[in-house]
1. Just the number, please: Stokes-Einstein D of region D:670-821 in µm²/s, Kirkwood Rh from C-alpha pairs, 20 °C, 1.002 mPa s.
2. Can you work out the FRET efficiency for the pair B:SER56 and D:VAL370, with r the C-beta to C-beta distance and R0 = 45 Å, to the nearest 0.05?
3. Two decimals is fine: what's Rg over Rh for region D:640-749, C-alpha atoms, Kirkwood radius as Rh?
4. Summing Lys, Arg as +1 and Asp, Glu as -1, what charge do residues with Cβ under 10 Å from the Cβ of B:LEU69 carry, B:LEU69 excluded?
5. Show me you know the interface measure: the accessible area buried between D and C, both chains summed, probe 1.4 Å, in Å² to the nearest 100.
6. Return the value, in Å² to the nearest 100, of accessible area buried between chains C and A (probe 1.4 Å, both sides summed).
7. Please work out, to two decimal places, the log10 of the ratio I(q)/I(0) at q = 0.14, 0.15, 0.19 Å⁻¹ from a Debye calculation in which every Cα of region D:586-716 carries one identical scatterer.
8. How big is the Kirkwood radius of region D:161-287, worked out from every pair of different alpha carbons and given in Å to one decimal?
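The values are calculated or read from the model by the stated rules, or taken from the named source; none is laboratory data. Note that the structure is a prediction, hence the values are computed from the model and not measured. Cβ atoms come from the backbone with ideal geometry, glycine included; neighbour counts cover every protein chain shown. Remember, those area values only see protein heavy atoms, side chains included, never the ligands or the DNA or RNA. Shrake-Rupley method; radii C 1.70, N 1.55, O 1.52, S 1.80 Å.
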Amino acid sequence: MTVHPRALEHSESLLASMIPNEAELTAGARVEPGRRYGFFTDTTLCIGCKACEVACKEWNALPADDLELRGTSYDNTGDLSATTWRHVQFIEKIGKGGERATVMPPFQSHWLMMSDVCKHCSPAPCLEACPTGAIFRTEFDTVVVQQDICNGCGYCVPACPFGVVEVSLEDGKAHKCTLCYDRLKGGLEPACAKSCPTDSIQFGALDDLDAHARRRVAVLHEKGVTSAALYGVPGGPGADGGLDRFNAFFLLTAPPETYNLPRAPSRPAGRTGPGLASGLVTVAALALASLGLFAAARNSQ
Amino acid sequence: METAEGIVTLVQEGRFKLVTGTGRVMHFVLAHDAAIEPEDLPPLAARQTRVRVAYSRPDHLVAAIAHTLSTLDQQAVEATG
Amino acid sequence: MKLKRSIGERVAGFVRDWSLPRQLRGEDGSREAAASTMSRGLRPRLEQADTIGTSICPYCAVGCAQLVYAKDGQVIHVEGDPRSPINEGTLCPKGAATLDLMTSPERLTKILYRAPHSDRWEERPLLWAMDRIAFLAKRTRDESFVKTLPDGTPVNHTLALASLGGATLDNEENYLIKKLFGGGLGMVWIENQARV
Amino acid sequence: MPSLGASFGRGAATLPEWDIANADCILVMGSNMAENHPIAFRFALQAKERGATLIHVDPRFTRTSALCDIYAPVRPGSDIAFLGGIIHYILERDLWFKDYVLAYTNISTIIDERFQDADEGDGFFSGWNEESRSYKYDSWQYQGEIVPSSLAEHYVNTTESFSEKTKRMEKGPPPRDPTLQHPHCVYQIMRRHYARYTPEMVERTTGCPRDVFLKIAEELTRNSGRERTGAICYAVGWTHHTTGVQMIRAAAIIQGLLGNVGRPGGGILALRGHSSIQGSTDIPTLYNMLPTYLPQPHAYKPHKTLKDYIDSERTPTGWWHNFPKYAVSLCRAWYGDNGSEANGWGFDWLPRIVGDHSQLPMTLAIRDGVIRGLFLLGQNPAVGGHNAALVQRGLAELDWLVVRDTGETETASFWYKGRPVREGEIRPQDIKTEVFLMPASLAAEKSGTLTNTHRLLQWHDKVVSGPGDSRSETWFIFHLGRRLKRLYATSIDPKDRAIQALTWDYPVEGEEEEPSAEAILKEMNGYSWQERRQIGSFRDLKDDGSTACGAWLYCGVFPEEDKNLARARRADPPAGPGTHLGWGWAWPANRRNMYNRASADPDGRPWSERKRYIAWDAAQRQWTGPDVVDFDPDKPPDYQPDWAKDPEGMEALGGDCPFIMIADGKLSLFTPSGLKDAPLPTHYEPVESPIQNPFYTQQHSPTAKIWQRPDNPLAAPEDPRFPYALTTYRLTEHHAGGTPTRSVPVTAELQPEGFAEISPELAKLYGIANLDWVTVSTPRGEIAVKALVTERVRPFRLDRRTVHEVGLVWHFGWQGYATGEVANILTSIVGDPNTSIHEGKALVCNLQRGRRGEGS
């Protein structure tokens, strides 16, 4: 990327208003409802800086959690959770004894770093499991838990094959990456992708990202990184089983298992199809009832 | 339970920040037992309403859990539905 | 007054936003029909900003530009300035934390004063502290000022006052420090982190 | 930055960060660039996309190494051996860029025949004075000429400085032998000096396998020349040594020999660590300089009057011949109409320094009770200062202490939470220090400029006010100054004339009475004294009192009323040219790539189309290109001084002299003046080292600043009590002393605690498992941290033995959300002879399993 020519339209130090369609300047993508958007996370460019984790928490006002030295390389985050929606994994493969890395293939190698995130699957098992309709697919084809509907039933949690969704003990609602739904509505690139210093996380329309990712794999293969492969594109690893694709997909240089990612994530059986609607109605009614009980209990205090 | 008073400066879902009279900023997560819902928060920020928050401190989060919110200004703010 | 929702409001809201009935009526379950009230009204908070200024990241010396969004005198967000040829909108983990640096619960808001031999901080007014510091600086300077060395060489300095810091400060701040402390008071112990 | 200044003329990064993307090869050494300057590393990856080779040389495999093509492990403190090996490789294989080097460097210059190399003196160059533990530089000079330094202190410590011999630089070019056969020419001296830096010696000294070293040498040389350029990026991994300046000098020599300076994608990028660390060097809150590289008057130099000062600091040739204009204009800006020709425009009031007043001796002066009142303005020495227990004890000796910061720093809380207090050595009631902790404003809470690592001044707007009583330093200093001027208003003591005379009438804004940062920047830029009209260029400054200018190198940033170029926000679009002259303003004169005259050949033509930048336009008779030319814009390439006329200043520099701040206009491969330790970099061990110096009997730099005293004990070479190499460093998740990241929950959680990194091999020796507590000790003290056992740290196999390494993160302290024992408890007060920078990157330690005090 170089500075977008449209930047010259905003050459004042104090701006009168937001830069319109800023994602065009930062990601080369205009965000329009009705198109499909997602992330392409290219681990070969990742420097493990965790700017994505911070930018996500800053934008979404997610609190810091579990301050503890974990000793798992430089990962002190551990997992995606209700309060952590980006998580950089660190896998050391430096070599042992005298065989440690010196002359290496281009781009990231030997110390694998990968920024994990909700995959915004298509179809999305969490959405399918949600009895209240709190989880829905937005006009940008992303998957979002709507906080004003979620009642914290937790059905989505086991449904996610990646362990992404978590119900918060504090507010009793399910949380995960929204792909910065509010930012997309304002023409802004999601916070993590925008901040990424090396463009390891790229945001854009899925068809553009797909084409770019395939070209990137070809270039890497040409440069000798023969292990480079996409994870989560249709028909490839991650999306050749129950899931058609991820809207947030990855370029990896080691098997998915190396990054704690399932080789073939699946949708839990019997959770598909609208035949369950009546069952879901029941669940929702129960949830409503419990809500009422909660409120009543509180009023009596 | 501790309390804090101030103005809600920013809201994301059920999370918000509040600036107190001395300029100190506090970070809150709405409790599951709070009597209001995430959608009630944005109007507080928009109207610059002074509020009092009763909160607790969880072990594993660096934020406070807001259990009750009250308005301190004259005009009462109705919870919006 | 305590803010709360009645049970009626809660149920009404839930029913209104609960998408399943609409889905059962045949509307697209995963699109607009499923959007809740909050989702339909959702906008990025940057749109509420009444002041947007350009800042430079306060951490390292790469010089990344930041856009700082404020509303009613309070910062509501800081992110990379896409116009900068240095960072092109990006920020590292430190720079990305600038909002929380500005709004850290650890930030000082008052002058804290510790009297000699005391075991506690006390809050003091800013102007009191300024007067007291000016008094102490003058006293220490007056007690230690050296006009000439024994051989008559002029030195015009004090070795009893020192200043440390500057690499995190603006050029204008450094300029005033050097001008007042060096050019005005005759201090020579003036240093910062930049001695590399 | 004296190394870059002494080599190229100006002590700053030669190229803008974004130009790294145009490099064909990038050597990152003495820097963990991806971690500590991630956004600058962005450009390294852009270069990689275009096919560049990325190389990392470092004591640890870091996040930078993981993205590079070649990683070379080197033992801490052995960098000059490695770089000397590269110089040896270039010279012996004749791979230097001859057309560039012969024309633009001093390679053919003949050095005084009395010069003796360190090889002949077993570690000492000629001129050593054992009594003063310093060098006389007479024998390092050009034959028959004394060369003034291009650093702030132009005055040369030779037997006769600025004598008739200096004047000889006006009589003709320095003596040269273009055939390079003369035994005393720089080329022959360098060949002899670096003859011992063979690949075998590199391996023996650094522990880097020979084949890896050779691969790097091959990549560096392959990617240089007419068609290609390479860049070197360094940071405090080079500066924090007693030989730090010479490490950077070695890099400067390599870039000189390869013809990489002044050309697109070539040069040296100093990656500096604080937002205005370049600015605070330029506008020095440093003891030995006045704004923009004028020397602070010195009691023991001929600086008694303005005339003495000018006579001893003005260089006969080169740009610094303009020195008097800058000195007088500065005095005018500071003392206004109180200055006059009679009192040297106020020069007489300036304080004189009497020695080294930098941070290390300051630390000792505090401890010893010499300093009684201390202002700490955004610095946290209880964590960042060396021999930190000594620092903390020292704070208790002060009468008063003002700490201005955004939070309660370790330094501010020393009196009740400091280590000597916690360990019962001293009680709060025994500490007399009166402490003021004052909230300070951050960048977006005040207006002003920051100068980034490539000399770019960028304005930041005040968007909000800081919380509560937070104020800017301009506010603090301005209002303190007002009070002091009031307190001194009626004094008749001559010692108080300076504070009375100081110009201090900046307009204030708002309820808080914030002084106008623009008004201050305008004063720094300079204006005509009578008309108060802004000045557009330092070429227009005068030495007759008719101009005032607070910082001559910044002249041009505010060239007209209401024209603040630091606020310029117009970057070049993708179509180019990519120098971004409309984004911010870079000193000098908005130049982005310094010494860019060297991007053209001696005849003024581009070296190649691929590396075209500045070139001579014969038709228009001027230099043209996408950057501001770093040269007289209309001096033709074939210009030669008319030596019959005793030319001065720029007139004495030919059209093929791109390094205009240096008296002969040539890149100094050999530095006759300016550096206190060596004219050519040579390997010495760190003051504390696990091995004997493989090169000389002389173990460490003979000029290293060592303060030997009981509270600063040092380990002897190969001290069996401290067998391991210890290096300290930072992480991308934290900032320096940690105040602005450990107090912020979202960064604190990323690295919540201090730790030591050790190899599995070393861990095995002690039965240490990952996350076990270990105690790391040096002669200064010990600290307990958790161990991170990792293959990223590897033992160094030298010819005689294996040296294990302990890596220690130093950000931590007791305040904030991320805590840990202060690593600088372990470091010592020893410094580089040129800069007095501490040696925190290479020392020795011992290791034990278990927390200190617990046995194990």
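1. D, rounded to a whole number, is 121 µm²/s.
2. 0.30
3. 1.21
4. Every neighbour counted, the sum reads +2.
5. 12200 Å²
6. Summed over both sides, the interface buries about 4300 Å².
7. Ignoring solvent entirely, the Cα scatterers give -0.75, -0.79, -1.04.
8. It is 18.0 Å.
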